[in-house]
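Here is the structure we will look at.
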Amino acid sequence: MLLLLEKVGELAKAIRKNATNMSIDNSKINHYDTIESEVADVFIVLSSICNKLNIDLYKALKDKE
């Protein structure tokens with residue numbers, strides 16, 4: 001669970017770091033790869049947690065609709 005919090009924190013940091021670039025000059029948005037990587041990390045950890053808890057992530061998302 002702590003790993004998930006760490007990964008979400010890294011994602012927030014990457015977004016915050018790039019938010020200033022986004023508002024100043026759209027041509028400087030070249031750090032999306034970092035954000036994509038952090039999103040993937042969060043998803044991987046979340047998927048792992050769901051797997052260990054026998055939670056069907058797809059079903060849980062579908063039920064939220």
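The values are calculated or read from the model by the stated rules, or taken from the named source; none is laboratory data. The model shown is predicted, which means the values in this text are computed figures rather than measured ones. Here the Cβ is made from the backbone with ideal geometry for all residues, glycine too, and neighbour counts use every protein chain on show.
Restricting attention to the stretch 22-63, and to residues there that are at pLDDT below 85, assigned to a helix (DSSP H, G or I) and among the aliphatic types (A, V, I, L, M), which single residue is nearest to Leu3 (Cα to Cα)?
Met22
Give me the pairs: first residue in the stretch 40-54 and touching a residue at least 60 places away in the same chain (Cβ under 8 Å), second residue part of a helix (DSSP H, G or I) and among the acidic types (Asp, Glu), beta-carbon distance under 7 Å, and six or more apart or on different chains, which are they?
Qualifying pairs under 7 Å: none.
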